[in-house]
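Single-structure report; data block below.
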Amino acid sequence: MLIPNEAIETFRKGDLEIDCYRMTLIQEKADGEHFEGNGYIRQTDDGSLAFKIYVTSHNGAPMQHIAAQMAKAPGKMIPDDAYYLLKATAYDGTDWTGTRMLPRIHWGANDDIVLIEGSLQSIIAHLTMPQRQHVLNLHFFEEFDIPCTLMSKIEDHGAINYNRDRAEFNVDGAAFEIRKHTHGETTVEIASDDPLPASFDLRVQEALQFIIARPAFWRARLQSHDQELHLELASPWRKSPRTQFSTPISSVSLKYMEYGWCLFSAFLTYVTSKTQGTHWNPVAYHLHGAYEATANSINARAVGLCVAVEAVASLIKIEGDGTQDKEVKEFQTSIRSWLEAQTELPASIAKRAKGLIGTMGTKRPQDILHALALKGLVEKDYIDAWSDLRNRHVHPKLKDLAKPAPTQMQPLFDKILRVEVLLHQMTFHLIGYQGCFTDYGALGFPIREYPLLVPRNSIDQHRDTAKPENLTRRVSPLSSGSSDATAAGQPE
């Protein structure tokens, strides 16, 4: 019988081997190819999953298969019906499935000798283990710099030590425990009396990526599903090994401990309510692109960052001026009528003019950002930094491509940091976060409060209401319920 935690640990170490007495490969289309035999699923040297089947029965024909492979046109997307579904039963009785794979089929001298191998993005074990609650456990095979607010008691060779390694809190009725392990792993354990939202693993991943400001992909997922417990093991995703994006709250600041999970909760609540299906939320998608860009050249970093700001700005809705909007519409109507009367005007020019007129009522990213700045939701000076960085790197002139002088490097880095803060502030507004953040655009990286505008006669009141317990009602501390944990890092 498969023990999930043991399987995950074996997988983390790269030693996973699943010998199967029955493996079935089915092409996902009507009357598709069908292969059956025995074989195995193993990990390669880089931790990826691979399989091999020694086929004993099939309905395939080598010449038809070769003809189908040769008919594929270079540069054309692979159709869905070209993929295969894998079903495997291990010798311990565990059923595994894998989807959307393109196997390599090796035909022997006759049809009776067929060998199939291929790569797997992930495999899922279907375990008959009913759970009393709805649970979701995610294993990231990396050690992230998360705000650990609790300590665990560790006994080693008779000596008792306390290690600050975890945090516990509630989000919308679900109990979270996030732990950083010394062997280089970060785990997220979630339990709830109510069913968890669809694709909640992706939403948690997006929220975690936001507070650590770097790509994070889980490698093992354990989730309850009706009367079953599903264990999914995933091959490594492609990502840059070292990114340099600034975290919303500096991890060396005490405010990271105090506000980090409030920020996580606000982002998680937003993406959960705004996202359908198995796709990423647009905000998380654009942020991820900015994170990845920082692993490359400084020009790529500037381009990726400026594009992300413009993309996130398009998600922000601002109230327009009713009078001005009416005047713009009246002007558009008048100009269109005038254009229609110009019979001698070339059709191509008239069409282009109508297109330009139509854009007059559209809010530009600059318009949205300046409207936010008037309300104290983004820093006005940082909009200027974005505009300058965008003009020089996204829409460069020939002089902008010249090698910068050493004295120009510091101003360039300053603008990049200010635009990163601008992107954070825009995200704060979208997710409804109120609290502390790190201002990397100012000397010394000071801690500031968001929103930016605070009435002077209510500063003290604002400081009281900005406490973590008042920021997001969705987050509340959990009692440890065990004698091996302590709150706020104080041993019992």
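Side notes on the structure shown:
- Cα gyration tensor shape for the stretch 1-42, rounded if a/c is under 1.5, else prolate or oblate: prolate
- Distance between modelled label sites at Leu443 and Tyr285, nm, 7 Å Cα→Cβ extension: 4.2 nm
- Computed [θ] at 222 nm, deg cm²/dmol, the chain (DSSP H ≥ 4; -39,500 (n - 2.57); rounded to nearest 500): -11000 deg cm²/dmol
- Nitroxide proxy distance, nm - points 7 Å out along Cα→Cβ at Glu340 and Asn59: 6.1 nm
- For the peptides 299-312, 236-249, residues were scored by their other Cβ atoms within 10 Å and the scores averaged per peptide; the highest-first order is 299-312, 236-249.
- A protection proxy built from the mean count of other Cβ atoms within 10 Å ranks the segments 45-54, 378-387, most packed first, as 378-387, 45-54.
- Which labelled figure in [x] 30.9, 112; [y] 36.7, 132; [z] 27.8, 95 is Rg and Dmax of the Cα atoms in Å, once derived from the coordinates: [z]
- Cα gyration tensor shape of the stretch 233-293, rounded if a/c is under 1.5, else prolate or oblate by comparing a/b with b/c: oblate
- Contour minus Cα-Cα distance for Ala82 and Leu102 (0.36 nm per residue): 6.5 nm
- Potential lengthening between Met129 and Lys380 on full extension [0.36 nm per residue; Cα-Cα distance subtracted]: 84.8 nm
- Extending 7 Å from the Cα toward the beta-carbon at both Ile26 and Glu9 defines two label points whose distance is 3.6 nm.
- Once the C-beta distance of Phe144 and Ile349 is scaled by a Förster radius of 51 Å, the resulting FRET efficiency is 0.35 to the nearest 0.05.
- Sorted peptide list for 84-90, 204-210, criterion being average Cβ within 10 angstrom, highest first: 204-210, 84-90
- Centre separation in Å (Cα based) which lies between the stretch 119-142 and the stretch 235-282: 22 Å
- Extension reserve of the Ser273-Arg42 stretch, reckoned as 0.36 nm per residue once the Cα distance is removed: 79.4 nm
Quick note: the coordinates plus some simple rules give every number you see, no bench work behind them. Note that the coordinates shown come from a computational prediction; the quantities given were computed from them, not determined experimentally. Note that we place each Cβ from the backbone using ideal geometry, even for glycine, and neighbour counts take in every protein chain shown.
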